[in-house]
1. Of all residues in the stretch 48-76, which are of a type in the set (A, V, I, L, M) and under 28 Å from the mean Cα position of the chain (by Cα)?
2. So Arg101 fits all but one of (1) modelled with pLDDT of 95 or more; (2) touching an Asp or Glu at 6+ places or on another chain (Cβ under 8 Å); (3) in a strand (DSSP E or B); (4) crowded, with 17+ Cβ neighbours inside 10 Å; what number is the exception?
3. Does Leu113 qualify as being out of contact with any Gly (no Cβ under 8 Å at 6 or more places or on another chain) and at pLDDT 95 or above?
4. If you go through the stretch 63-85 one residue at a time, do you hit one that is closer than 21 Å to Leu179 by Cβ and polar (S, T, N, Q)?
5. Which of (1) at pLDDT 95 or above; (2) outside any loop (DSSP other than H, G, I, E, B); (3) of a type outside the set (A, V, I, L, M, F, W, C) does Arg225 not meet, given it meets every other one?
6. Count, please, the residues in the stretch 127-161 that happen to be touching a residue at least 24 places away in the same chain (Cβ under 8 Å) and assigned to a strand (DSSP E or B).
7. Taking only the stretch 210-252 into account, find how many residues are more than 23 Å from Ala181 (Cα to Cα) and free of Cβ contacts under 8 Å to residues at least 40 places away in the same chain.
8. For the subset of the stretch 187-210 comprising residues that are more than 21 Å from the chain's Cα centre (by Cα) and assigned to a strand (DSSP E or B), which member is surrounded by the fewest Cβ atoms within 10 Å (Cβ to Cβ)?
Amino acid sequence: MKKKIWISLCLLFLTTATAFACDICGCGVGSYYLGILPEYNKRFIGLRYQHKSLTTHLGPFGERTPLTSEETYQSMEVWGGWNVGSRFRILAFVPYNFNRRESQAETGSKNGLGDVAVMAYYKLFDQSATVAGRLLIQSLWIGGGVKAPTGKYEPSERLAVVESPNNFQLGTASTDFTLNAAYDIRYNDLGMNANVNYKMNTENKYDYRYGNKFTGNVLVYYKFRVADALTIAPNAGVLYERAAKDVENKKYDVAVSGGYSLSAVAGVEVAAKKISFGANYQNVRAQDLAGGRVNAGNRVMVHVSLPF
């Protein structure tokens, strides 16, 4: 048992170390935050809402200028999971995005389908044992995924203001790939959940490639069980994101890209027999995005799902 726990932690560490080998990352489009998945045995389908904000076009020292914009990114996402046998799991995400930008010069918005993504996981192991009279359960899933260029990308957005982050898009116009790992360990009702995701971007047909991006989060949770019909699991932890600079024409780094953000996360997951829902708040505690030209605001995510 102890050996498998150490193997699990080492695999997560190695995945993280690989991601940290990249340069300082850019903001990019989209995020692959998973957190604690809803409880389900075979399949689930649901809706997930995310709200994010950015302050962009900041001056060289992070000060506001007449060009400074307030950008809001909202997405309503159909997502689902399917356990195939006892070893395989498939997750799918179909987002519809609502982007809005306000500045002294203009106000604009973009609404439409985002980039559809599919992830497949293989369960490396799932083991339970009794330790000091209490149940210890742990599992490790590893896998990969692909993101399709289904969202609209406007090259004119990049060309209009060269010294601007290329974030105000519905999609990236590129087919991208992910490496994923998810580890969960629970001692009776106290548990820890960790997810890491490394997104490898390709160049789109407009000779633009968003920087590869790492997303990792660790959450500690406790399950309160109410009459065997309801489980309430408050959770708290950290979320870290880091990506390489964007690249144009295969060789030119985009100066206003790259960076990292570190957020404190607090939320709750509620599971009944026929429905699950949850919410979390991500408070940005430290960041350095696009050389100080971008400042990320706090985020909110809520979801509801139906197991079947």
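1. Leu54, Leu58, Met76
2. (1)
3. No; evaluated as a whole, the condition is false for this residue.
4. Checked the stretch 63-85: at least one residue is closer than 21 Å to Leu179 by Cβ and polar (S, T, N, Q).
5. All conditions are met except number (1).
6. 17
7. Taking the stretch 210-252 and keeping what is more than 23 Å from Ala181 (Cα to Cα), we get 224-232, 245-252.
Going one step further and asking which of them are free of Cβ contacts under 8 Å to residues at least 40 places away in the same chain, we end up with 224-228, 232, 251-252.
Residues that pass the stated criteria total 8.
8. If we take residues in the stretch 187-210 being more than 21 Å from the chain's Cα centre (by Cα) and assigned to a strand (DSSP E or B), then Leu190 is surrounded by the fewest Cβ atoms within 10 Å (Cβ to Cβ).
The values are calculated or read from the model by the stated rules, or taken from the named source; none is laboratory data. Every value quoted in this text rests on a predicted model; they were computed, and no experiment measured them. Counting neighbours? That spans all protein chains shown, and the Cβs are built from the backbone with ideal geometry, glycine included.
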